[in-house]
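Report on the structure given below.
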Amino acid sequence: MTEQVPTVPHSDAIPKIHDPVATPNQPFFEPGTYVIQIPRDQIYRFPPPGNASVAQRQRNPHQKKHKSCCGRSCFWCCFIAIASGIAVAVTIVGLSFILLKPKDPEFQVQRFVVKNQQVSRHKYSYTNYDIRLNVHNSNRRSSILYQQGGAVSLSFRQQNVATGKFPTFHQGHKNSTDIGIVLKGTGVGLPKDVQNSLRNRKSKVPHSFSLKMNVPVKMKTSGLKTGRAEIVVTCDFTVQSLAQDTHILSQECQTNR
């Protein structure tokens, strides 16, 4: 039996294996694990751009919340600021008036004259009353504005006999002002003793009347104005007669709010 000798392939099909040869210009490294040491001052980092924003948020954790609050709650921030300002202003005004304590004006009857139109010997068609008052503002820093809508009424023996309007004017601090008021009779017949006093100019029979005034006012203190308030003035006075040159025998006036 003939022994077969294995066929040797062509030399071109067999890869050539060359042992690596270390040369002076190209060092040879064997397979394995190597540790490379680089000086610390030669290490450079190039982080992605997104890492910068992440690091900024980590350093300022409250910045985002603050911006979000102002951005979403701008209306409430403005509302709280305005409300606080109004509260402070009201407090200042209130304290100013409490500390300064503006006083109410003082009234005094200076003149009282009865004028009537005679229809017959014993009757009168209407009766007017001419009254002059002195109004004194004793406040050193407060002025008073007497506004429209003031009403005046005159009573005789608890019966309303005449009505009229209170004049409008501005009164400065530490000031006295004389004002005139004309009241028109309500048509109520006067008592006989009053009618006799009107016909007899020489009569010296005293008569007592009551004058009531409701006056809306505003006070201004150191540049600050109060709201609209109403003062009620009551003057009880007695005259010597109802003649033109009558004399005020006694009076008492009170002012309330």
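The values are calculated or read from the model by the stated rules, or taken from the named source; none is laboratory data. Computed from a predicted structure; not experimentally measured. Because the Cβ atoms are built from the backbone with ideal geometry, glycine has one as well, and the counts that use them run over all protein chains shown.
Being aliphatic (A, V, I, L, M) and at pLDDT 85 or above narrows it down to one residue among V54, V88, V93, V109; which is it?
None of the other options fit; the residue is V109.
Residue-by-condition table, conditions (1) modelled with pLDDT of 90 or more; (2) assigned by TED's automatic domain parsing to the domain that holds R132; (3) surrounded by 14 or more Cβ atoms within 10 Å (Cβ to Cβ); (4) over 47 Å from the mean Cα position of the chain (by Cα):
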site: A162; (1), (2), (3), (4): yes, yes, yes, no
site: F166; (1), (2), (3), (4): yes, yes, yes, no
site: S176; (1), (2), (3), (4): yes, yes, no, no
site: K192; (1), (2), (3), (4): no, yes, no, yes
site: S197; (1), (2), (3), (4): no, yes, yes, yes
site: K202; (1), (2), (3), (4): no, yes, no, yes
site: S210; (1), (2), (3), (4): yes, yes, yes, no
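Go through the residues of the range 191-204 one by one and say whether even a single one is among the aliphatic types (A, V, I, L, M), within 22 Å of F107 (Cα to Cα) and out of contact with any Pro (no Cβ under 6 Å at 6 or more places or on another chain).
Checking the range 191-204: not a single residue is among the aliphatic types (A, V, I, L, M), within 22 Å of F107 (Cα to Cα) and out of contact with any Pro (no Cβ under 6 Å at 6 or more places or on another chain).
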